[in-house]
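To start, the structure under review is shown below, and the notes come after it.
The values are calculated or read from the model by the stated rules, or taken from the named source; none is laboratory data. The model shown is predicted, which means the values in this text are computed figures rather than measured ones. Neighbour counts run over all protein chains shown; Cβ positions are idealised from the backbone, glycine included. What goes into the accessible areas is simple: the full protein's heavy atoms, side chains included, and nothing from ligands, DNA or RNA. Shrake-Rupley method; radii C 1.70, N 1.55, O 1.52, S 1.80 Å.
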Amino acid sequence: MATPGSQRSSNSVGDVVIKVVSGSMKGTEFPVKKPVITIGRSSEADFQVHDTLISRTHTRLSFENGNWYIEDLNSTNGTWMVGQKVNKKVLLPMKTSVRVGNTIFELYNLYAARDETQSFSIPFVSYRIQPETLTSTSGDRVATPPVQVDPMRSAREENKRLSAIYKFQNLIASIFNEHELCPKILSAISTIIHSDKSFLLVYNLNSGNFEATAARVGDSPMEPVDESSIRKVIVEFVKENREAVLSTDADKVAKVKLAGVPSLVENTMCVPLLGKQQLNGMIYLTMAHDKEQYTEDDLKLLTVIGHTAGMALENSRLIEFNLRNERLVATGTTAAHLSHYIKNILAGLDGSLSLLKMGIDEKDFGLANESLHILAKNHRRLGNLVLDLLNLTSEQKLNMKVQDIRPILEDAYELLCPQLKQDGITLTFTKETKELPLFGEVDAKGVHRVLLNLILNAEHAIQEKRETLDQKDIGNITVDASFTQDKESIVITVTDDGMGIKPETADKLFEMFVSTKGAGGTGLGLTVTKRIVEGHGGTIFATGEEGKGCIMTFTIPVSHTDVSTSTRSINRNIFKGVGQQPLPVDAASQPPAQQ
């Protein structure tokens, strides 16, 4: 864990070079001869790199107060250092990987390059493993007598290691969020390799150090994280050499054997989390035992696991980066698609305000009420548009809680029923929906948003049937909710008798900017609706026939947590008891007590 003070005058201007370690210009060295250097694709940059994914002037290096710093110059694809996206000027230690486009470079000290391990005293290393080849680079420091290997035993051990690697891959395969992935990696390792303490170290751009982002004591999370047992010299060695290391207190082992007295001997393994030729972090395990010690085979196994974890960590960061870019692109595209729709809303607001003023001036309260209704309708359209945009671009997690969804349904009914009634549309919730306890693990705001979108979508479909402005009772919307037969999910349907949909359109309704409303729709509402439903682990689909209405159906799993079994059991009991002895209103609105 290098400190800023370690990057001093020996790394000054003229003493360092930029070395390209990966990409089309691999092996190229560029001597740094001035305190500010720009790197980019164009000839305007001090160091021109031939990489189409790099911006014209992509990043800048600067020498200040005895340290080198790096900052991104608003490039398209960003500057990444040790797997972290650089968003501001940060310290750049020697031999620290920086990725720009498909190119990875490092800053090297010309004099230190003669002996890449000169800053370390390395007798603490028992084994060194090259991660790419799993070959030992320990030299002659560990002299081991030749041992005759049993082929059958060797095959069994190999199968055991392969099984452990497959198990690890399966445990982390479905996680793409870095904050969830890091503790999961350590948790998965604890089921394969024993350790007293385990740490997952990630580079901190602000401090310039590798720091523990997740830690465990045995089989339990370490809270708060205590890094005092991490040997900084081992971490620095792994960072500089990109090698996996096994360290055993050799002197203590010798004394224990000589005295014949049981004593704890500390073993440490530290392996790099390598992605695509870039260091993304480290796994650090310690174990103190009087007999058991880590072996070179353990180090090889942890090295392979570390490479798998490094790729998973790198992928999670790239996925997050791409999702953000997609949202930005989607937002820009949305602005272009929405311009005409927003103009219509503003025109409606202007017209209703003029009518309202006219009604007030002439004391025509009928005209004033009519204009107020139009004003409220356009205000609602604008509000829904804003909510759809927020849901489309936000990265907020759903706030899941086990609760009865009937209050959510009732709130949607109370909010929309008066508005729809004014437009000649009847909103009905089935009797079972009103009476049946529907406990599930849901995000209340999310489900509420889904209901509003589907009901308002049904309203528009019915409005298309209107022939005259004063026409009453033009259509009906019915909401029904129940459990599936196995009681594993809640099914909610929104049925309307509007203009219906073409069968070939049904599958495309939930795609962005696809709308059956012409200029009256944005194509965002159902996209947001699908995102929320799928965030619950549910599904949504539409059925119908042109001219004969439409049915929107979505499902929500009962539970997503570790208590799902007990939750489902409780829900089944409630469900079975409803027809025999209805629950009191107060009791039905609260989650049942655990037994």
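Phi angles across the range 238-245 convert, under the Karplus curve 6.51 cos²θ - 1.76 cosθ + 1.60 with θ = phi - 60°, into 3J(HN,Hα) values of 5, 4, 6, 9, 6, 10, 7, 10 Hz, Gly and Pro given as x.
Please calculate how many Å² of accessible area the range 422-476 carries per residue, with a 1.4 Å probe and no DNA, RNA or ligand atoms counted.
Details: 2480 Å² over 55 residues.
Normalised by residue count, the accessible surface of the range 422-476 is 45 Å².
Applying D = kT/(6 pi eta Rh) to the range 430-488, where Rh is the Kirkwood radius over alpha-carbon pairs, T corresponds to 37 °C and eta to 0.692 mPa s, the Stokes-Einstein value obtained is 234 µm²/s.
Here the scattering of the range 406-505 is modelled by Debye summation over its C-alpha atoms, one equal scatterer each and no solvent; at q = 0.17 Å⁻¹ the log10 of I(q)/I(0) is -0.80.
Once the mean of 1/r is taken over each pair of separate Cα atoms and inverted, the range 20-110 shows a Kirkwood hydrodynamic radius of 12.9 Å. Computed from backbone phi with θ = phi - 60° and the Karplus coefficients 6.51, -1.76 and 1.60, the 3J(HN,Hα) list for the range 308-313 is 4, 5, x, 5, 5, 5 Hz; x is used for glycine and proline. Around the amide H of Thr96, modelled in the peptide plane, lie the amide H atoms of Leu107, all under 5 Å away and 5 or more residues distant in sequence or on another chain. Taking amide hydrogens as placed 1.01 Å from N in the peptide plane, the amide H of Asn267 sits under 5 Å from those of Met287, Ala288, His289, each at least 5 positions away in sequence or on another chain. Sorting 194-203, 265-274 by their mean Cβ neighbour count within 10 Å, with the most densely packed peptide first, gives 265-274, 194-203. The mean accessible area for residues of the range 1-100, using a 1.4 Å probe and ignoring ligands and nucleic acids, is 44 Å² per residue.
Quick one: net charge around Gly14, please, counting Lys, Arg +1 and Asp, Glu -1 for every other residue with C-beta under 11 Å from its C-beta.
My count for the surroundings of Gly14 gives +1.
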